[in-house]
Each structure stands twice: as C-alpha cells, then as structure tokens.
Amino acid sequence: MGIDLSKMTCIEDLRQVAERRVPRMFYDYADSGSYTQGTYRANEAQFQRIQLRQRVAVNMQGRSTRSTMVGEDVAMPVAIAPTGLTGMQHADGEILAAQAAKEFGIPFTLSTMSICSLEDIAEHTGRHPFWFQLYMMRDRDFMERLIERAKAANCSALQLTLDLQILGQRHKDIKNGLSTPPRPTLANLINLATKPRWCLGMLATRRRSFGNIVGHVTGVADMSSLSSWTADQFDPTLNWADVEWVKKRWGGKLILKGIMDAEDARLAADSGADALVVSNHGGRQLDGAPASIDALPAIAQAVDRRIEVWMDGGIRSGQDVLKARALGARGTLIGRSFLYGLGAFGRPGVARALQIIHKELDVTMAFCGHTDIENVGPEILLPGTYPQPAGQ
Ligand SMILES: Cc1cc2nc3c(=O)[nH]c(=O)nc-3n(C[C@H](O)[C@H](O)[C@H](O)COP(=O)(O)O)c2cc1C
C-alpha cells in the first residue's frame, strides 16, 4: 500500500517507514550506535535540553536560510554526511541522495565505503560538484588513485575522517551478520521476503557492492575478500603527517571530520584545513564520548574562527540546526535524517527530509526574532540551558 509522502511531517515519520521497508540488517546498521549506545542517544537528547528564546513583534518578512560552507553557497547550512552502504538502504541510494541534494541546493558527501562509485555520482548528477569522504588506508597507491578519481569526478571538497582507524563495535551488526549483499541464510531470506519493494530495486540495479573499491584494487572481487581487505586496510598509524600528505595530494578544500577535543581542534586549525567537523561519528565509535552539541562550544572557542567549525550527530530537526548554528557551527551534516528518508521512499524521501528540516529551521528562526540565518548567534538561546566552554 502506498503511503502519502505529504503525511510525512517530521523525520520520525520517515524513520518509522524506513524501519518497515529496509531489511533488518541494513536498518539496524543505520539506526544504532556502538556498545551501550550511550553517546548515540546523547547526541539527540542533549539538543532537547537547549531552550530557545521566543521573541515577538519583530518583522518576520523576507527570511533567508542561505549561507556558505567552505565558500560554497548552500540553501541552508546543512550538508549530507558521508554514510557507508547507503546503496543498501535503497537501490542506487547514493545516486538518489546526491540528486535530491543537488535539487535542494545543499552539498552531498560520498563515503569511501559507498555502494555507488564516484564515477556513478558524477554521471548521474550531470557532473554537479559534490564532496568526497576519505578514510586513511595503508595502500597509498590506492589512496592516490582515489584522490585522482575524486578530482576527475568534479569533487569540490574532501572530508578526511580521523575517527575510524579502528572500529567501535555495534552489537546488532554482529548478531545480524551484516554483509553486502546479504548472505542467503534462512533468517535473511525470511526477512527479505517481507521487503518486496527493496528486493525489486536491488534486482534492477547492478550496484550491490563497494563501488569505489571493487574492480579498483587487485585481489578484491567480492565482499568476503573485501571485508578482510578493509580490516587490513584502515591504517591505525594515521597521524597529522598523513593529514599533510592528503592535503598536498588533494590540493583543494579539505575538511577534517571527527574532532571532539579542543586540543585536536587547534591542531586541525594549524594543519591548514578549511573546516573541521565536531563529530563522534553519530555515536558509532567512542561510546562514552560527549554529545557533539556539548563538545561544540569549547571547540568553536579554541578554533577562534581560524577555520570553519561544523558539527554533526543527532540532528533530527531544523530546531537542532538552529541550535548548532547559535553555538558556533557554521555548517552541519545530517546522517540518519536523510538515510531514513532514503530507506522509506528513495529520492523523494530524501527531498522530503530536506524540506522538513528547512521548514522547521525557517519557522524556528522567525520565532526567535531573526530573518537571516547569518545573524543568528547565542542570543537566541536561553541562558543556563546550553553548554558553555569549560571555565565559563
Ligand atoms: C549508517 C552510517 C554509516 C556511516 N558511514 C560513514 C562513513 O563511511 N564515513 C564517515 O566519515 N562517516 C560515516 N558515518 C558518520 C556520519 O558521517 C555522521 O558523522 C553521523 O551520521 C552524524 O550523526 P547523525 O546520523 O545522528 O546525523 C556513518 C553514519 C551512519 C549512520
């Protein structure tokens, strides 16, 4: 039975449909955090503690949520976060999300661990610029080729992820036997039988494995050899000299993702990167780390505008975007919010997620007495309800 997209009025609505339509192992892969999931839950919960100051009798006409992220115009200060296996939430998922982002006027970031390849995205978005996320791998020849492929695909910025050289454990992924494509076990087949829409989409596409990797690395032909390849390949020796190595080879806008500490933030600014992302990887890595929104103010203060500070983790509404902006994030990334839309409805679902967040952002900004997001600062927050840098 069809579901009317216009009845999807918040991100939670999309999440519930995604939960029904996406095979269990891939839904769980998106909707979980590491270990106790404490940090995963805190990312969302800590936004709720921050209260906004309602202002009245302020002219609300002619509002704008337009801004820039590393110099690129954005319809709102939100970009699509890099997420692995997105083409398993929905067939051709990365292509559909990139198309929706392009149409809306916000950046799309492709993960190294995507299903659709760099070349797929370039081809299906008319070579519209997008961003690429890189993991540091031991095979430097492969990395150099990947960087060259990102340039050739017209990527306009590179996000280097610093917080995943070793993997935090997600219990459900192990219990579900997460693999791409799913192994034909009895439990998987029973679950897949209840997801006909997903199965038909997958049968109609050839994109079912890691598009940036398979066929580009010798010895990797399928997922079973690929999983051992990734386990061996993520380079645990990653350090600031490697950041310099990537910066030199890339030569364009560089964004460092996964910063949670003021001292690391200063080093990130020293490295000459253009932006950093305050991020705990959506609560998927260090369980026990603070919520990203709580880590943001101290990092913004430490960086002191030397480079742009962005944040991600727990953004499920436009109110969250506005709070992040008020606390010093020039831009934000959204992970699950777009994944739920994608899993539920494909491209229109991603578009819907972006419309929902944009409308909430616009209306909330107006209630707080602002018409231009560029002028929003901490004055929209109720004192005593928001995190402050230590010592204040
Ligand atoms: C399913 C999933 C896969 C992810 N894969 C990647 C990845 O490949 N590279 C990366 O840098 N971050 C990855 N992340 C982290 C996101 O980029 C982002 O930091 C996080 O999703 C933000 O939190 P949110 O989902 O609460 O918005 C992933 C997150 C999710 C939920």
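Quick note: the coordinates plus some simple rules give every number you see, no bench work behind them. Here the structure is a predicted model, which means the values were calculated and not measured. Virtual Cβ from ideal backbone geometry, glycine too; neighbours counted across all protein chains shown.
Which number do you get for Rg(Cα) / (2.2 N^0.38 Å) in the stretch 20-59?
Rounded to two decimals, the normalised Rg is 1.93.
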Quiz item: Under a GNM of the chain (C-alpha, springs under 10 Å), which listed residue has the highest mean-square fluctuation: 194, 112, 364?
Solution: 194
Self-check item: Of 151/247; 323/359; 151/248; 102/323; 7/102, pairs whose Cα-Cα distance is over 20 Å
Solution: 102/323; 7/102
Practice problem: In a Gaussian network model over the chain where Cα atoms closer than 10 Å are linked, find which of 288, 313, 87 has the largest mean-square fluctuation. | Solution: 288
Quiz item: In straight Cα distance, which aspartates and glutamates are under 12 Å from residue 195, not counting same-chain residues fewer than 8 positions off?
Solution: 19
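Kindly give Rg over Rh for the stretch 282-392, based on alpha-carbon atoms, with the Kirkwood expression for the hydrodynamic radius.
So for the stretch 282-392, dividing Rg by the Kirkwood Rh gives 0.99.
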Practice problem: Would you look at the GNM of the chain, springs on alpha carbons closer than 10 Å, and say which of 357, 174, 80 moves the most? | Solution: 174
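Placing unit charges on C-beta atoms (Lys and Arg positive, Asp and Glu negative, everything else neutral), compute the dipole magnitude of the stretch 5-380 about its Cα centre in debye, rounded to 20.
Its charge dipole is roughly 1020 debye.
In debye, nearest 20, what is the charge dipole magnitude of the stretch 1-92 about its Cα centre with +1 on Lys and Arg Cβ and -1 on Asp and Glu Cβ, if you could check?
Once rounded to the nearest 20, the dipole reads 440 debye.
In deg cm²/dmol and to the nearest 500, what is the mean residue ellipticity at 222 nm of the chain if only DSSP H runs of at least 4 residues count, each as -39500 (n - 2.57), divided by the residue total? Walk me through the numbers on the way to the answer.
Values: 16 runs with 168 residues, N = 392.
After summing the helix terms and dividing by the residues of the chain, the value is -13000 deg cm²/dmol.
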Quiz item: Lys/Arg Cβ at +1, Asp/Glu Cβ at -1, dipole of the chain taken about the Cα centre: which of 76, 30, 262 is farthest positive-ward?
Solution: 30
Quiz item: Nearest-5 percent of antiparallel DSSP beta bridges in the stretch 5-380?
Solution: 10 percent
Quiz item: How many angstrom separate the Cα center of the stretch 129-163 from the Cα center of the stretch 371-385?
Solution: 35 Å
Quiz item: When only Cα pairs under 8 Å and 6 or more residues apart are kept, what is the percent relative contact order across the chain?
Solution: 29 percent
Practice problem: On a C-alpha basis, how far is the centre of the stretch 36-109 from the centre of the stretch 240-291 in Å? Whole number, if you could? | Solution: 19 Å
Quiz item: What are the semi-axes of the equivalent ellipsoid for the chain, taken as the square roots of 5 times the Cα gyration tensor eigenvalues, largest first, in whole Å?
Solution: 31, 25, 20
